[in-house]
Every structure is written in structure tokens, then in C-alpha cells.
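A.B. asks: Got a structure here, written out as C-alpha cells. Questions coming.
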Amino acid sequence: MDYTKMRPESLMMTYGYKPKLSEGSLKCPIFQTSTFVFNSAAEGKRFFEVAYGLSEASEGEEMGLIYSRLNNPDLEILENRLCLWDKAEDCAVFESGMSAISTVMLEFLTPGDLLLYSRPVYGGTDHFINHFLKKLNIESIGFTPDCSKEEIIEKIKQSGRADKLSLIHIETPANPTNALIDIEMCAEIKRLFSTSEKEIIFSVDNTYMGPVWQHPLKHGADLVLYSATKYIGGHSDVIAGAVLGSKSLMARVKGLRTFLGNMTAPFTGWMLMRSLETLKVRMEQQARNAAEVARFLRNHPKVEKVYYLGFIEEEGTERQKEIYKKQYTSPGAMISFDIKGGETAAFKFLDSLQLIKLAVSLGGTESLAEHPYTMTHADVPLDIKNSMFITENMVRLSIGVEFYEDIIADIRQALELA
């Protein structure tokens, strides 16, 4: 049977796993081991030659199992399956989304370099860029979704450090506003400032939409990043991250991962493989529920504005409509909205929810609500938050798989109390 013609959702149960190598077990076992036994000293030598790049693997040769900081069957099978969604050559999984993001930035940025990034981004990413990287003398330029290609180029040139630009990192849709960034536009900026001596790397955080509803690599990104804690894990019971891209770039990412030691543990890898089996059906149900919730919110008198991609065709600018049509196959399941009454009303609403839980994170089977201004984006400077419409009025919802009328009933009663 030709596996290349099958859809990813059909392969999530079997791809990359051979039952005969594990006593016929239908499901991949948890390889909870720190090290692996070599059949001979010569075999161990060969495994290390390939693992450390001392020798190229021959055609059809697979990297042998050495040590779980380098490789482990649970990680390798998980990485192979994740590659199917984004049509990537290789993947590396991490212990958290932030470890994936920070590893990429540490690998492709050096002291004196310049980073271009979109705003808003996840609060942890924003802190890493504007606090930790500055300690390493790595400067950054942020741009907002309303900036044109020409405006971004001018920002880079005016910095006086255009020749130091080494990495472009964006998050689209943006957390928590659902603002859209044109991936192909950023790829054009990357090509404009790249030279024969130095190619700029372009990474996209696809956590909000991936890996089902958006595929950044096909639009010109070099790397796609995930907090696998979210939709990929999908049950709010694991912390994990992932990076995908070409074999050459992933060799560098995996090399640094080996020495930072922030790879996913075998049990986490096994849990994520379990979650991949239901990824598409979960995300489709969440998207259907979100559409119903968004329509309810838009018509409620206590709601000032709803940030939901499903309304772009009616409310978005021509540029937003064009980006959405080009990049997305669904409006997703993330909704933010502005409630009348500021922080007081927002907090009363959040405290009054019963079915929906007041917690950060997103993409799980249960619906969650939080207050970005004081929680996930608390560390973002006030002027930046306000300029990007992250206000005290805003509530962010991650819509789960519950019956949509029950989700709406909970929101309705909480709004009445607010």
C-alpha cells in the first residue's frame, strides 16, 4: 500500500512504528530507558559517527539508538508523524513550547545580531526576546500586523543594523488578538536581506492553528514551531514543544537540543502519539463550537467587540481577507472579546464561569478562559499592549469539545452577572 497517498489523519495510528520490533504490541510501548545496548563495539562506533556528524549516513541507513538524550523510539516515531501534517523533512520535540522557541533563537542568533519579530506574541516569547536576549547583546525590532512590507523594510534599514539581521520570527494568528501576518511577505523580506554569505532564518509559531489549519512551510517559512502542549497534546495533561523544517536546519536544532538536554521525555512522547490519533476530529469539533460561541458573543449587549477569524469576510480589511484566504483552512477555535466595564466586569465574568475553567493555556478538550492583560501578557509594556488592543476589557476563550449550547449557556449566565 502506498502510504504517500494517505492523509495524515489516516496514518497517525501506525506510521513509523513496526509492531514486530516490539513483541507485536499494537501500540508503541513506552521506552522508559536512559540508554540502549549495542550489539557490538563496532556498531556503537558507527552509531556515534553518524550521531555526531563525523560520517554521513549511507542511503537507507537509520541512526542507531544510543541514549535517550540523543534519540528514543517514542520521540522518533512522534517526530515522524508530526512531519506528515506540515510536510516537513524533519522534526524535533521538546519538553515545552518555550524550550522549542528558545532553542531556535539561541541556535540562529549570536551576540550582536538583530531579530525581527511580530507583535503581539505569546508573553513568554516576548519576555525571552526583550529581556534574556538583550543580555546576550541581541537586539530586536517588533512590527505589528498593520505594518506594510515597505514599513517593515524601512524599520530594518533605519535600525542601522540591517546587515546583522539573522532571524525573523512571527506568530500568526497573534495571541490573543487573532491578528494575521502574511507569511509570504515575511519570506520576501527574508530573501531581500539574505546574502550569499548569510541566509536569514524565518520561523513561524503555528500553535494557534496547527498543525491542521495552517502550514507555514509551504508559504516560505524555514521552521514551524509549536507549543505541543496545546492542540497537539490536546488534553491539558502534558507540556511539550516541537520544531519542524529541512534536514539541514533541523540538524542544527537537534544538535543544540542534545547539549541543552531539553528533549521530550519518553512518556510525554507516548502521550503525544496517543493525542495525535484524535487531533483532527478534536480540532474540527472545537472549530464548530467556536463558530456558535462567536455568533452568540457578537450579538450580546455586554460585548463590545469579538476577535474571531470567522468574521473576517464581513468585518476584516481587504488585506486581512487576502491573508486569511491564502493561509488558513479554518477560523480556528480561539476567540477573544472585549466586555463592557473594563477589568471589573472582566473579572466578574471570569469568576462567574462554571463549566468553562479560569486557566491559561489553550487547545485542550475543555473550554478555558483567561484575562490576557493581567495574565499571559502581564509582562508586555502597557503602551505596547494598548497599541495592540490588549486591554483590560479583553477576555480570551479557548473553545473545547463540549456541547456548544452548554458552553454558550455558561457564557450567558456569566455575562448576566458581569
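The values are calculated or read from the model by the stated rules, or taken from the named source; none is laboratory data. Model, not experiment: these values are computed from the prediction. Neighbour counts run over all protein chains shown; Cβ positions are idealised from the backbone, glycine included.
A.B. asks: Out of 399, 323, which single residue is at pLDDT 95 or above, under 21 Å from residue 282 (Cα atoms) and of a type in the set (A, V, I, L, M)?
C.D. replies: Details: 323 fails: under 21 Å from residue 282 (Cα atoms).
Answer to the check: 399.
A.B. asks: Related question: Would you point out which residue out of 96, 148, 140 is closer than 20 Å to residue 226 by Cα and at pLDDT 95 or above? Step through it out loud before you land on a result.
C.D. replies: Values: 148 fails: closer than 20 Å to residue 226 by Cα; 140 fails: closer than 20 Å to residue 226 by Cα.
One residue alone meets the criteria, 96.
A.B. asks: Same structure, new question: Inside segment 45-83, can you point out the residues that are charged (D, E, K, R), over 26 Å from residue 14 (Cβ atoms) and in contact (Cβ under 8 Å) with a residue 12 or more places away in the chain? Quick ask: steps written out before the conclusion?
C.D. replies: The first filter runs over segment 45-83 and keeps only residues charged (D, E, K, R), leaving 45-46, 49, 56, 59, 61-62, 69, 74, 76, 79, 81.
Imposing the further condition that a residue be over 26 Å from residue 14 (Cβ atoms) reduces the set to 45-46, 49, 56, 69.
Residues satisfying the conditions are 46, 69.
A.B. asks: Moving on. Taking segment 46-55 as the search range and keeping residues that are in a loop (DSSP other than H, G, I, E, B) and within 32 Å of the chain's Cα centre (by Cα), which one is surrounded by the fewest Cβ atoms within 10 Å (Cβ to Cβ)?
C.D. replies: Of segment 46-55, the ones in a loop (DSSP other than H, G, I, E, B) are 52-55.
If we keep only those that are within 32 Å of the chain's Cα centre (by Cα) as well, we get 52-53.
Details: 52: 12, 53: 10.
Among them, the one singled out is 53.
A.B. asks: Could you list all residues from segment 7-34 that are among the polar types (S, T, N, Q), closer than 23 Å to residue 70 by Cβ and assigned to a loop (DSSP other than H, G, I, E, B)? Step through it out loud before you land on a result.
C.D. replies: From segment 7-34, those among the polar types (S, T, N, Q) are 10, 14, 22, 25, 32-34; that's our starting set.
Within this subset, residues satisfying the condition of being closer than 23 Å to residue 70 by Cβ are 22, 32-34.
Result: 32, 33, 34.
A.B. asks: Given 332, 341, which one is surrounded by 14 or more Cβ atoms within 10 Å (Cβ to Cβ), more than 25 Å from the chain's Cα centre (by Cα), on the phi > 0 side of the Ramachandran plot and modelled with pLDDT of 95 or more?
C.D. replies: Selected residue: 341, the only one of 332, 341 that is surrounded by 14 or more Cβ atoms within 10 Å (Cβ to Cβ), more than 25 Å from the chain's Cα centre (by Cα), on the phi > 0 side of the Ramachandran plot and modelled with pLDDT of 95 or more.
A.B. asks: Among the residues of segment 247-289, which ones are touching an Asp or Glu at 6+ places or on another chain (Cβ under 8 Å), among the polar types (S, T, N, Q) and under 14 Å from residue 363 (Cβ atoms)?
C.D. replies: 289
A.B. asks: Now for a different question. Any idea which residue in segment 226-249 is surrounded by the most Cβ atoms within 10 Å (Cβ to Cβ), counting only those that are of a type outside the set (Ser, Thr, Tyr) and under 15 Å from residue 262 (Cα atoms)? Explain how you work it out, then say what you get.
C.D. replies: Restricting attention to segment 226-249, the residues satisfying the condition of being of a type outside the set (Ser, Thr, Tyr) are 228, 230, 232-235, 237-245, 247, 249.
When the remaining residues are screened for being under 15 Å from residue 262 (Cα atoms), the result is 228, 238-243.
On the way: 228: 33, 238: 22, 239: 18, 240: 26, 241: 27, 242: 28, 243: 29.
Here the answer is 228.
A.B. asks: Which one of these is aliphatic (A, V, I, L, M) and within 30 Å of residue 220 (Cα to Cα): 369, 345, 333? Quick ask: steps written out before the conclusion?
C.D. replies: On the way: 369 fails: within 30 Å of residue 220 (Cα to Cα); 345 fails: within 30 Å of residue 220 (Cα to Cα).
Result of the check over 369, 345, 333: 333.
A.B. asks: Tell me, please, whether a residue that is part of a helix (DSSP H, G or I) and of a type outside the set (Gly, Ala, Ser) can be found in segment 35-45.
C.D. replies: yes
A.B. asks: Taking segment 312-323, which residues are under 23 Å from the mean Cα position of the chain (by Cα) and part of a loop (DSSP other than H, G, I, E, B)?
C.D. replies: none
A.B. asks: Any residue at all in segment 272-285 that's more than 27 Å from residue 31 (Cα to Cα), of a type in the set (A, V, I, L, M, F, W, C) and either free of Cβ contacts under 8 Å to residues at least 24 places away in the same chain or outside any loop (DSSP other than H, G, I, E, B) (or both)?
C.D. replies: So far as segment 272-285 goes, yes, one or more of its residues are more than 27 Å from residue 31 (Cα to Cα), of a type in the set (A, V, I, L, M, F, W, C) and either free of Cβ contacts under 8 Å to residues at least 24 places away in the same chain or outside any loop (DSSP other than H, G, I, E, B) (or both).
A.B. asks: Okay, moving on. Do you know which residues across segment 368-393 are of a type in the set (Val, Ile, Thr) and in a helix (DSSP H, G or I)? Full working, then the answer.
C.D. replies: Quick first cut of segment 368-393, residues of a type in the set (Val, Ile, Thr) only: 374, 376, 380, 384, 390-391.
384 - this is the single residue of segment 368-393 that is of a type in the set (Val, Ile, Thr) and in a helix (DSSP H, G or I).
A.B. asks: Between 222, 182, which is acidic (Asp, Glu), more than 30 Å from residue 306 (Cα to Cα) and in contact with an Asp or Glu (Cβ under 9 Å, 6 or more places away or on another chain)? Even if it seems obvious, please write down each step before you answer.
C.D. replies: Working: 182 fails: more than 30 Å from residue 306 (Cα to Cα).
Sole residue among the options that is acidic (Asp, Glu), more than 30 Å from residue 306 (Cα to Cα) and in contact with an Asp or Glu (Cβ under 9 Å, 6 or more places away or on another chain): 222.
A.B. asks: Across segment 394-406, what is the number of residues that are part of a helix (DSSP H, G or I) and touching a helix residue (DSSP H, G or I) at 6+ places or on another chain (Cβ under 6 Å)?
C.D. replies: Residues of segment 394-406 that are part of a helix (DSSP H, G or I), as a first pass: 404-406.
Still in the running and touching a helix residue (DSSP H, G or I) at 6+ places or on another chain (Cβ under 6 Å): 404.
Here the count works out to 1.
A.B. asks: Okay, next question. Every residue in segment 21-63 that is among the small types (Gly, Ala, Ser) and touching a strand residue (DSSP E or B) at 6+ places or on another chain (Cβ under 8 Å), please.
C.D. replies: The initial filter retains those residues of segment 21-63 that are among the small types (Gly, Ala, Ser), namely 22, 24-25, 34, 40-42, 44, 51, 53, 55, 57-58, 60.
Within segment 21-63, just 34 meets the criteria.
A.B. asks: Let me ask something additional. Would you check which residues across segment 56-82 are surrounded by fewer than 19 Cβ atoms within 10 Å (Cβ to Cβ) and farther than 23 Å from residue 44 by Cα and list them?
C.D. replies: 80
A.B. asks: Then there is this: Please specify each residue of segment 66-112 satisfying the condition of being within 14 Å of the chain's Cα centre (by Cα), within 25 Å of residue 166 (Cα to Cα) and assigned to a loop (DSSP other than H, G, I, E, B).
C.D. replies: 96
A.B. asks: Next up: Restricting to segment 298-311, count the residues that are hydrophobic (A, V, I, L, M, F, W, C), assigned to a helix (DSSP H, G or I) and surrounded by fewer than 22 Cβ atoms within 10 Å (Cβ to Cβ).
C.D. replies: If we filter segment 298-311 for residues that are hydrophobic (A, V, I, L, M, F, W, C), which is where we start, we get 303, 306, 309, 311.
Now restrict to residues that are assigned to a helix (DSSP H, G or I): 309, 311.
With surrounded by fewer than 22 Cβ atoms within 10 Å (Cβ to Cβ) added as a condition, the list becomes 311.
Total meeting the criteria: 1.
Residues checked against (1) over 20 Å from residue 279 (Cβ atoms); (2) aliphatic (A, V, I, L, M); (3) surrounded by fewer than 16 Cβ atoms within 10 Å (Cβ to Cβ); (4) touching a Lys or Arg at 6+ places or on another chain (Cβ under 9 Å):
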| site | (1), (2), (3), (4) |
| --- | --- |
| 2 | yes, no, yes, no |
| 12 | no, yes, no, yes |
| 18 | yes, no, yes, no |
| 28 | no, no, no, no |
| 35 | yes, no, yes, no |
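A.B. asks: Hey, among the residues in segment 113-132 that are under 20 Å from residue 200 (Cα atoms) and more than 20 Å from the chain's Cα centre (by Cα), which one's surrounded by the most Cβ atoms within 10 Å (Cβ to Cβ)?
C.D. replies: 114
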